[in-house]
Amino acid sequence: MPSGKTRKTLPDGALAPLPEVLQLGTRVYKVLLNSIVAGNLELGAHLGPDAIARQLEVSITPVREALQRLEIDDLAVKVAYQGWRVREFTERQIQELYEFRAVLERLAVHLACQRITDEEIRSLQKHQSVGAAALKSKDLDSYRLYNRDFHAAILRAANNYYLSSAMAQVSLQTETLTAKTIRMLGRPLRAIEEHRQLAELIGKRQTNQAEMLMESHILSALGDIIQSMFR
């Protein structure tokens, strides 16, 4: 039996009912977030609350809420007397971000080779079919989502909460930069072939080869980004 302390229960009416739809600020946030990670809003683009409110036909309050959330995500920065703008990256920041991502992705592959199920192997193969179809139709936005989902599938197969949490800290920033690489001539074709090889190696549980390929895959993307943005 527990000690003589009375267990505190949640009082009736302490929580507001769940909203039937997403709150307006969240909806504005999702629109802006998708525009940034899809590359529709360029790095450094001005995010004027008044202009956004007019375009989305909402009041300025949910727009400010959305911009503050983007600031927390490190995707927007607030500039004194100017409002917000899409966050820009220095070459050093991109280098460090992708070095960190390469370590995380390599560990994800290592664990996936040990823990992946037959169903998850089939899921990776299905993702490849989606990516191939997106490339064939030259639908770069669908390809971007395929790329995100392929890496997420490997992370799920790794089945490690702390690894997933660490990856979540940098996922939006890497998605924003990935939107640049998929528009580079030849990059999507190389990437989807590397994904095919990764899926095959993970399915065969060839850990060392899969780890090396994933690290090379991420660092080659880093080289492409640096080349396109700073050279």
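Assigned by TED's automatic domain parsing to the domain that holds H110 and under 19 Å from the mean Cα position of the chain (by Cα), is that true of I202?
Numbers: assigned by TED's automatic domain parsing to the domain that holds H110: yes; under 19 Å from the mean Cα position of the chain (by Cα): no.
No: the conditions fail for I202.
Of everything in the range 63-80 that's surrounded by fewer than 18 Cβ atoms within 10 Å (Cβ to Cβ) and among the aliphatic types (A, V, I, L, M), which residue is nearest to T26 (Cα to Cα)?
Step by step, filter the range 63-80, then rank; the result is I72.
Being closer than 13 Å to H110 by Cα and at pLDDT 95 or above: is that true of E200 here? Explain how you work it out, then say what you get.
Numbers: closer than 13 Å to H110 by Cα: no; at pLDDT 95 or above: yes.
So E200 fails the test.
What do you reckon, is Q114 more than 20 Å from E99 (Cβ to Cβ) and of a type outside the set (D, E, K, R)? Walk me through it before giving the result.
Numbers: more than 20 Å from E99 (Cβ to Cβ): yes; of a type outside the set (D, E, K, R): yes.
Criteria met by Q114.
Quick check on this structure: which one of R205, R196 is part of a loop (DSSP other than H, G, I, E, B) and out of contact with any Asp or Glu (no Cβ under 7 Å at 6 or more places or on another chain)?
Only one candidate qualifies: R205.
Which condition from (1) outside any loop (DSSP other than H, G, I, E, B); (2) surrounded by 14 or more Cβ atoms within 10 Å (Cβ to Cβ) is the one that R92 breaks?
(2)
Yes/no matrix, rows are residues, columns are (1) assigned by TED's automatic domain parsing to the domain that holds R148; (2) in a helix (DSSP H, G or I); (3) at pLDDT below 85; (4) among the aliphatic types (A, V, I, L, M):
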site	(1), (2), (3), (4)
G4	no, no, yes, no
P11	no, no, yes, no
P19	no, no, yes, no
V58	no, no, no, yes
L67	no, yes, no, yes
E71	no, yes, no, no
K78	no, no, no, no
Y81	no, no, yes, no
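Which residues, counting only those in the range 73-126, are of a type in the set (D, E) and at positive phi?
Correct list: D74 only.
Considering the range 48-71 alone, what residues qualify as being closer than 25 Å to R148 by Cα and among the hydrophobic types (A, V, I, L, M, F, W, C)?
Initially, the range 48-71 is screened for residues closer than 25 Å to R148 by Cα, giving 66-71.
The answer is A66, L67, L70.
Might you check whether a residue that is touching a Lys or Arg at 6+ places or on another chain (Cβ under 7 Å) and in contact (Cβ under 8 Å) with a residue 12 or more places away in the chain occurs anywhere in the range 185-199? Talk me through it step by step, then tell me what you get.
So the first thing to find is which residues in the range 185-199 are touching a Lys or Arg at 6+ places or on another chain (Cβ under 7 Å), and the list is none.
For the range 185-199, residues touching a Lys or Arg at 6+ places or on another chain (Cβ under 7 Å) and in contact (Cβ under 8 Å) with a residue 12 or more places away in the chain: absent.
When the range 95-154 is examined, which residues are found to be among the hydroxyl-bearing types (S, T, Y), touching a residue at least 40 places away in the same chain (Cβ under 8 Å) and assigned to a helix (DSSP H, G or I)? It would help to see each step written out before you state the result.
Looking only at the range 95-154, we keep the residues that are among the hydroxyl-bearing types (S, T, Y), and these are 98, 117, 123, 129, 137, 142-143, 146.
Filter once more, keeping what is touching a residue at least 40 places away in the same chain (Cβ under 8 Å): 98, 117, 143.
The answer is Y98, Y143.
The values are calculated or read from the model by the stated rules, or taken from the named source; none is laboratory data. Predicted model, so just to flag it, every value in this text is computed and none were measured. No Cβ is skipped: glycine too gets one built from the backbone with ideal geometry, and neighbour counts run over all protein chains shown.
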